[in-house]
Amino acid sequence: MVVPAMLAMRDIRKSFAGVPANDGISFDVGEGEIHALLGENGAGKTTLMNILYGIYAADSGSIVWRGEVLGGHGPKEAIAQGIGMVHQHFMLVPTLSVSENITLGLKSRGHPFPDRRRLDTDILELSARYGLDVDPAAKVASLSVGERQRVEIMKLLYRDARLLILDEPTAVLTPGETDGLFRVLATCKGQGHSVILITHRISEVLAFADRITVLRDGARVATLEAAGATAAGLSTLMIGRELKSPARRTAPAASLPRSAAGDRAGLEARAISLRPVAGKGLQSVSFSVAPGEIFGIAGVDGNGQKELAECLLGLRIPDSGKLLFGGLPVEGLGPRQRKRRGLAYVSDDRHHDGLVLGFDLAENYLLGKLDDPRFVRFGLVDRKACLRGAGGAIADYHVKTRGPTEEVRLLSGGNQQKLILARELSSGPAIIVAFQPARGLDIGATEFVHERLLERRAAGSSVLLISSDMDELLGLADRLAVLHRGRLSPAYDNDGSLDMMRIGLLMGGQGMAEEACAS
Amino acid sequence: MRFLRTLGFAALVLLLVLAVAAALVIAVRADPGKAASGFLRGAFGSFYSISEVLVRATPLILAGLGVSIGFRTGFFNIGAEGQIYLGATAATAVGLLFPGLPALVLLPLALLCGFAGGGLWSAVPGFLKSRFGLSEVITTIMFNYIAINVVGILVRSVMKDPSYPLPMSPDLPEAMHLPVILEPTRLHLGLVIALVAALAVWFLMSRTAAGFRMRAVGLNPRGSLVAGISVPANLLLASALSGGLAGLAGASEITGIHHRLLEGISPGFGYVAIIAALLGRNHPGGIVIASLGIAALQVGSSSMQRASGVPSSISWIIMGVLVLLILARRPDRDRVAR
Ligand SMILES: Nc1ncnc2c1ncn2[C@@H]1O[C@H](COP(=O)(O)OP(=O)(O)OP(=O)(O)O)[C@@H](O)[C@H]1O
Ligand SMILES: [Mg+2]
């Protein structure tokens, strides 16, 4: 670069308890540049950004931001200087409204009694300008992960950040939303804003980034121009080998023991309805998943996915309709009994639903094994068995950690997700409800998880895959349907005949009513 | 590294506390030397004074253990004081109702009823929280007032000793007295019970599935629900156990020290127990140590008052300072959710 870099980080080092997470990383970002940061789970991307944003202090190294040395700063100073960050795990206040969250900590006009209605109008204006659909009055607690993401991005835009740090912003967005986001980012770029983008999706990087920096085991392995990069080259830099072709079905659905298992569906929902709360309910949702089948539910996050998943788990009770596991009704059964009936559940929200962050890995492993006599006998916890179980999960799923006694809070996001998957899939479940199971996983780990799901399918599990990632669904699902505003479209076979145009329209809500009537 | 930092922090706290104490002593124009020697003699100066510290620590350990179970499950039990009163009442009732029973039956029965009394009393706020979401912080405090005043009424009415003008119950049968374990002091078997309880609580919380469930609920109720752990059931269980141990503290005071029910049976043990749980970081071992420390502070400062005229309420001020210091210590700055 000829122009002096807007941001220059030099030889950044940071260790946690003696283990280096950043091992002398140098990194710079120019004005109006979209710079992608790539790397495996646990490579140190989030740590590096946390240092830039002032959450952690580096052990050594320097940061120069617009010609001035930054050091000893906290997030507050970072924002004031025009550096904004959306974290991998959102940091919104669930009990406050969207608009309160966006303006939180700002001394808006009229502080401390701001004119909420004016702020709301500002926010709506901004959201229209960037195509980020948010309702300022909604409580954040009632929002899905995808919607919270939008609020986080709005928060930065509202603060007029010069440098946007986005830690895996697209993990929960649909292709359409992702395109929208990148349009937003392109606009920002045009006005001289810079963007640091952490993502595991190489296609996005190639399409939208200007330059790419790849980290591995806490060190920078390369910085290159996106124009000359290739997907194969990048994945080799990241994981040290080439990726197998993106997860394709290993066997066509027809050749599976699907009909052999008889016509008893593994998982069946008959006209499940849920009265809408805050606009989100379910309207007569029906589907069935045969043993050995992966059934995909596509759609933009926040269209009833969470509600549906929670009905299946037994956290919510549908107002009407019937749910059957292996042909038997499960009405009145809570999560514990349903899990005993062979249900495995992977939530989209690992921090709140999937893990107890203050527990170590072994305890989090036990969380899914409380009814398993190998781990709990006569009410006593077999700690050794838990350590062994967690140790096995760490080895099988390549969880990057110091060991089964490390607190889960200290793991990188992708590694936390791997632990959940290892725990949930290890019991040989008959039914798997997987809600964004690869969210936040690096390419190698995503491939790995997809292989595990296909393995379970081959073993005769009924897999319900709820995802907003169309590539994931197309790669894995035998059949798929679209969920929009609480309604499920008819199911389509995922083969050559799949009409992607129609799926896209359905995801936007077009044609939904006719489809529903026709079926 | 972590250990060294903790040690350094402890030294700093000690220094600050000593400074505050010295300032208070000088402020009331007492002789610091006399005050210090009075304090030390009172707390550690003799066989008897040490035994008094242990006597004082006994109810603190029991109630502190109870409070810690609640805290770890997310049931913030501020009501140990009332639960102590209820436990004491239940134990007394057993003695008054069945005076003829042999000691081997009567004593365990009284302690058990003390546990049950405190447990049931605390399970009511537990139920209100798990069923209706009422804040236990409010309800347990209110239950303190009710319990203390119920005892006030009882010792003036149905439980009153008719042969005596003061509001107190008749003497309880000899068979109900907890044996003294160190003649000629007042040190009674309650201390042993408290130490056994500490062991039991440690075992329950860190070795059993029930304890694991309670801890999970305390750390992440939503995640517990998803994992199939019932949040209401565990809140109820924790509230009952929490109050039960406080009730046992009350029963131990009745059977070990007072041998009758009277008003003011607890000079705020239930509140100090919260401090003990806090200082002991909700760990049974820590609670035993914290309780011993607080007991020494209280016993020592009473003796300091006698020796040098410094009001013994100084011990409360010091405890307040201690709690503030402990709370002010930020965990780890690096421990950010990621
Ligand atoms: N506060 C901490 N204490 C201890 N270890 C930590 C801490 N923060 C990060 N680590 C460790 O440092 C390493 C790098 O973590 P980091 O979160 O930066 O990874 P990442 O590249 O963002 O991965 P992911 O793609 O999974 O989010 C990991 O091995 C992690 O366990
Ligand atoms: Mg990360």
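The values are calculated or read from the model by the stated rules, or taken from the named source; none is laboratory data. Please read these numbers as outputs of a predicted model, since none were measured by experiment. We place every Cβ from the backbone using ideal geometry, glycine too, and count neighbours over all the protein chains shown. Note: areas computed on protein heavy atoms with side chains; ligands, DNA, RNA excluded. Shrake-Rupley method; radii C 1.70, N 1.55, O 1.52, S 1.80 Å.
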Just in region A:360-439: which chymotrypsin sites (Phe, Trp or Tyr not before Pro) are loop by DSSP and have at most 16 other Cβ atoms within 10 Å? A:Phe378
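Return the calculated 222 nm mean residue ellipticity for chain B, to the nearest 500 deg cm²/dmol, obtained by summing -39500 (n - 2.57) across DSSP H runs with n ≥ 4 and dividing by the residue count.
Values: 13 runs with 242 residues, N = 338.
Roughly -24500 deg cm²/dmol at 222 nm, from the helical runs in chain B.
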Qualifying aspartates and glutamates (Cα of each under 20 Å from Cα of A:Lys14; at least 8 residues distant if same chain): A:Asp23, A:Asp28, A:Glu40, A:Asp59, A:Asp167, A:Asp217, A:Glu406, A:Glu407, B:Asp332, B:Asp334
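On alpha-carbon atoms, Rg over Rh for the protein assembly as shown using Kirkwood Rh? Walk me through the intermediate numbers first.
Details: Rg = 31.6 Å, Rh = 30.5 Å.
Across the protein assembly as shown, the Cα-based Rg/Rh ratio is 1.04.
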Here, GluC sites (Glu not before Pro) of region A:315-406 satisfying both criteria (DSSP loop; at most 16 other Cβ within 10 Å) are A:Glu331
Towards the positive end of the charge dipole of chain A, with charges on Cβ (+1 Lys, Arg; -1 Asp, Glu), say which of A:Leu185, A:Phe90, A:Leu173 has the farthest Cα. A:Phe90
Top positive-direction residue, dipole computed over chain A with Cβ charges, set A:Ile443, A:Gly314, A:Ala231: A:Gly314
What residues does region B:211-233 have that are buried by at least 20 Å² of accessible area in the full protein assembly compared to the chain on its own, 1.4 angstrom probe? B:Phe212, B:Arg213, B:Arg215, B:Ala216, B:Leu219, B:Asn220, B:Arg222, B:Gly223, B:Leu225, B:Val226, B:Ala227, B:Gly228
Accessible area expressed per residue, the protein assembly as shown, with surrounding protein chains retained (probe 1.4 Å, Å²): 42
I'd like the Karplus ³J(HN,Hα) series for region A:380-392: coefficients 6.51, -1.76, 1.60, θ = phi - 60°, whole numbers in Hz, and an x wherever there's a Gly or Pro. 9, 7, 8, 4, 5, 5, 5, 4, 5, x, 5, x, x
If the cut-off is 20 Å between C-alpha atoms, which lysines fall inside it for A:Lys369, apart from same-chain ones fewer than 8 positions away? A:Lys339, A:Lys384, A:Lys418
In whole percents, the bins of 10 Å from zero upward hold the Cα-Cα pairs of region B:34-328 as 7, 28, 34, 23, 8, 1, 0
Spelling it out for A:Ser284: with amide H atoms placed in the peptide plane at 1.01 Å from N, the residues 5 or more places away or on another chain with amide H under 5 Å from its amide H are A:Ser273, A:Leu274
Spin-label pair A:Ser284/A:Lys139, simplified geometry with 7 Å Cα→Cβ offset, distance in nm: 3.1
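In region B:1-77, what trypsin sites (Lys or Arg not before Pro) fall in a loop by DSSP, with at most 16 other Cβ atoms inside 10 Å? Could you put the intermediate results ahead of the total?
Details: sites: B:Arg2, B:Arg5, B:Arg29, B:Lys34, B:Arg41, B:Arg56, B:Arg72; in loops: B:Arg29.
When the trypsin sites (Lys or Arg not before Pro) of region B:1-77 are filtered for loop state and at most 16 Cβ neighbours within 10 Å, B:Arg29 remain.
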Contact surface A-B: accessible area buried, both sides summed, square angstrom, 1.4 angstrom probe: 2800
Under 5 Å between amide H atoms, partner at least 5 residues away or on a different chain: which partners does A:Leu215 have, H built in plane at 1.01 Å? A:Leu38, A:Gly39, A:Val221
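Working from the alpha-carbon coordinates of region B:105-238, get Rg over Rh, Rh being the Kirkwood radius.
Numbers: Rg = 19.5 Å, Rh = 18.2 Å.
Rg/Rh: 1.07.
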Given charges at beta-carbon only (K, R positive; D, E negative), |dipole| of region A:267-328 in Debye: 180
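Suppose we flag trypsin sites (Lys or Arg not before Pro) only when DSSP calls them loop and at most 13 other Cβ atoms lie within 10 Å. Which is the longest uninterrupted stretch of chain A? Show your work: numbers first, answer last.
Details: sites that count: A:Lys107, A:Arg109, A:Arg241, A:Lys244, A:Arg248, A:Arg264, A:Arg374.
In chain A, the maximal stretch lacking such sites is A:375-519.
For chain A, with all protein chains present and a 1.4 Å probe, just round the carbon and sulfur fraction of the accessible area to a whole percent.
Values: 11200 of 21040 Å².
Heavy-atom surface of chain A belonging to carbon and sulfur, 1.4 Å probe: 53 percent.
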For region B:34-328, which whole percent of the accessible surface, found with a 1.4 angstrom probe, sits on carbon and sulfur atoms? 73
Compare each residue of region A:14-63 in its chain alone against the assembly with all protein chains, and report those whose accessible area goes down by 30 Å² or more; 1.4 Å probe, heavy atoms. A:Ile55, A:Tyr56
For A:Lys306, list the lysines whose Cα falls under 17 Å from its own Cα; do not include residues on the same chain fewer than 8 positions away. A:Lys139, A:Lys280
When chain B is modelled as a GNM with alpha-carbon springs shorter than 10 Å, which of B:Val226, B:Val299, B:Val180 fluctuates the most? B:Val226
Not counting ligands, DNA or RNA, and with a 1.4 Å probe, what is A:Glu407's accessible surface area in Å² rounded to the nearest 10? 40
How big is the dipole moment of region A:1-132 about its Cα centre under a simple scheme where the beta carbon of each Lys and Arg is +1, that of each Asp and Glu is -1, and everything else is neutral? Debye, nearest 20, please. 360
Per-residue HN-Hα couplings for region A:456-464, Karplus 6.51 cos²θ - 1.76 cosθ + 1.60 at θ = phi - 60°, whole Hz, x for Gly and Pro? 4, 5, 5, 7, x, 6, 8, 10, 9
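With a 1.4 Å probe and all protein chains kept in place, how do B:Glu253, B:Glu263, A:Glu125 rank by accessible area, largest first? Working shown, then result.
On the way: B:Glu253 15, B:Glu263 80, A:Glu125 125 Å².
Reading off the accessible areas and sorting them downward yields A:Glu125, B:Glu263, B:Glu253.
Given only helices, namely DSSP H runs of n ≥ 4 each adding -39500 (n - 2.57), what is the per-residue ellipticity at 222 nm of chain A, to the nearest 500 deg cm²/dmol?
Counting only the DSSP helices, I get -9500 deg cm²/dmol.
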Please name which of B:Met159, B:Gly218, B:Val94 has its Cα lying farthest along the dipole of region B:34-328 towards the positive end, using unit charges on Cβ (Lys, Arg +1; Asp, Glu -1) and the Cα centre as origin. B:Gly218
1.4 Å probe, heavy atoms, protein only - residues of region A:359-389 losing at least 50 Å² accessible area vs chain alone: A:Phe359, A:Leu367, A:Leu370, A:Val381
